[in-house]
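S.K.: Have a look at this one before I ask anything.
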Amino acid sequence: MPPPKRKNITKKKGELVHSEEIHTMAQEGSEQVDDLSLSTTPKWAEDLAAKFERVELSFGAKIDQMSESINSLTRDTRAMLNRLNNAERRIGNMEDTVEKNTADTAKNDKLIHALQQKVDDLENRSRRNNLRLVGIKEGTEAANIYTLLSNVFRYILGRTGDTPSPEIERAHRSARPIPDPDQPPRTILVRMLRWRDKQEIVRAAAGKKLEWEGQRFSVYHDFSAEESRRRALYSNLKKTLQKASVKYGILYPGILMVTIDGEKLRYFSPEEAEKDLSKRLPKFF
């Protein structure tokens, strides 16, 4: 509750005036001053207000542009994220497929290798009765190659008189054009009727210098291309063993057998053979 108003007496021109009247007059004067200030705003204030308004409008436009740009970037980012998710999912599926295909490929490689070995084995078994005669002059067979081969086998086996020659199932020269006189003759391929006859001819021809009509020739087993390749890998080792006067032989499939001081050694690869023989025969390696 406001305190009671005191009536102060002020002396003005010989009269007494209450303080309330003085306060009322002050308020009226202040209101008149305010009305005067509002009705007379300075020019600089109006210019400043106008500039603030223009700045506000400019900022508003720029903020609208930035908002639109941000919205556009947001949309693009979402689209990119969706594409990345799709790409990640597809890559994951591809990785799973590749992993499965890799496992299948490894499995198929093992299967193919096993099948190749079986096919090679079957091919060599089908050639067990075959012989290859290399070096017999072209044309010596005349019209009958079987007569020629019967005489050649009798010569190899040392058979004379009426001793029969081993039976031949079929024979022909290798299927390539007839060479010129200065070129090596074509190989004669022979299939014997019996495997034992074939083995007997090979053993009899081993270590002999065979000649027919003045030209040297040789007798070999008829192996598959893969088995021939495996045996050819031992060529350098065979030369070394020959220099060392060491008995050796190559067994099927591509196994080198060496006899040193009565001990029979088997090697399944040229690398294995060279590593061990270099220790046993250091003078020749």
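S.K.: Output yes when any residue across region 261-274 is under 22 Å from R230 (Cβ atoms), touching a Gly at 6+ places or on another chain (Cβ under 8 Å), not polar (S, T, N, Q) and not assigned by TED's automatic domain parsing to the domain that holds D120, and no when none is.
M.R.: Within region 261-274, one or more residues are under 22 Å from R230 (Cβ atoms), touching a Gly at 6+ places or on another chain (Cβ under 8 Å), not polar (S, T, N, Q) and not assigned by TED's automatic domain parsing to the domain that holds D120.
S.K.: Given the criterion outside the structural domain of P270 (by TED's automatic domain parsing) and in contact (Cβ under 8 Å) with a residue 40 or more places away in the chain, identify the matching residue among E211, E169.
M.R.: Residue meeting the stated conditions: E169.
S.K.: Does R229 fit the bill of being within 34 Å of the chain's Cα centre (by Cα) and exposed (fewer than 14 other Cβ atoms within 10 Å of the Cβ)?
M.R.: yes
The values are calculated or read from the model by the stated rules, or taken from the named source; none is laboratory data. The model shown is predicted, which means the values in this text are computed figures rather than measured ones. Neighbour counts are summed over all protein chains in view; Cβ atoms, including those assigned to glycine, are modelled from backbone coordinates with ideal geometry.
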